[in-house]
Amino acid sequence: MSLSRRTVLLSVAALSACGFEPVYGERGSASNLRGAVKLDDPATRNMFQLNEQLELRLGRAADPQYGLTVRLDISEEGLAITGTNDIERYNVLGQADFVLREIATNKPVLSDRVSTFTAYSASEQPVATLAASRDARARLMVALADKIVSKMLIAGQL
């Protein structure tokens, strides 16, 4: 048995002795949320993409116990401006305020805000710039969904 293998085995034993349990384990906080969160119907492309990412992480609600309402605030700002005042790079800023509530009582269980950003480069071709902008927004929805789910898992006492 090599030293690295021995270290790994001892580390696993130590973590299990201290009460550590993986979030995606049988009794981890993710097990309470899997298939139990009903998302509000999307009204925009961004909300549709966010819901798609949330469902990938939480599963589609089969027997929902919780409802999740998300309010998005998306904005763009120019970063790189040329000498001719053309913007070559944009930041796409995203903020999501969310409320997780029990469906039975409509009582909020968790309310929080997450934010992040992504960026894209503009092109001389309008179609290429539009495609880059849409891709940046799709990447932003992935990042916001990850942060929302992480906040829900950290809360853990659901």
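The values are calculated or read from the model by the stated rules, or taken from the named source; none is laboratory data. Computed from a predicted structure; not experimentally measured. Glycine also receives a Cβ, built like all others from the backbone with ideal geometry; neighbour counts cover every protein chain displayed. Heads up: the accessible areas ignore ligands, DNA and RNA and are worked out on the full protein's heavy atoms, side chains in. Shrake-Rupley method; radii C 1.70, N 1.55, O 1.52, S 1.80 Å.
In the range 90-101, is there at least one residue being open to solvent by 90 Å² or more (accessible area, probe 1.4 Å) and either in contact with an Asp or Glu (Cβ under 7 Å, 6 or more places away or on another chain) or at pLDDT below 95 (or both)? No: zero hits.
To keep it simple, each residue is scored yes or no on (1) free of Cβ contacts under 8 Å to residues at least 60 places away in the same chain; (2) in contact with an Asp or Glu (Cβ under 9 Å, 6 or more places away or on another chain).
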position: Gln53; (1), (2): no, yes
position: Leu79; (1), (2): yes, yes
position: Ile103; (1), (2): no, no
position: Ala138; (1), (2): no, no
position: Ala145; (1), (2): no, yes
position: Ala155; (1), (2): no, yes
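Among the residues of the range 96-136, the one identified as farther than 30 Å from Leu68 by Cα and part of a strand (DSSP E or B) is Ser121. Kindly establish whether Ala131 is in contact (Cβ under 8 Å) with a residue 12 or more places away in the chain and out of contact with any Cys (no Cβ under 7 Å at 6 or more places or on another chain). The answer is no for Ala131.
Among the residues of the range 33-51, those that are closer than 19 Å to Asp146 by Cβ and free of Cβ contacts under 8 Å to residues at least 24 places away in the same chain comprise Pro42, Phe48, Asn51.
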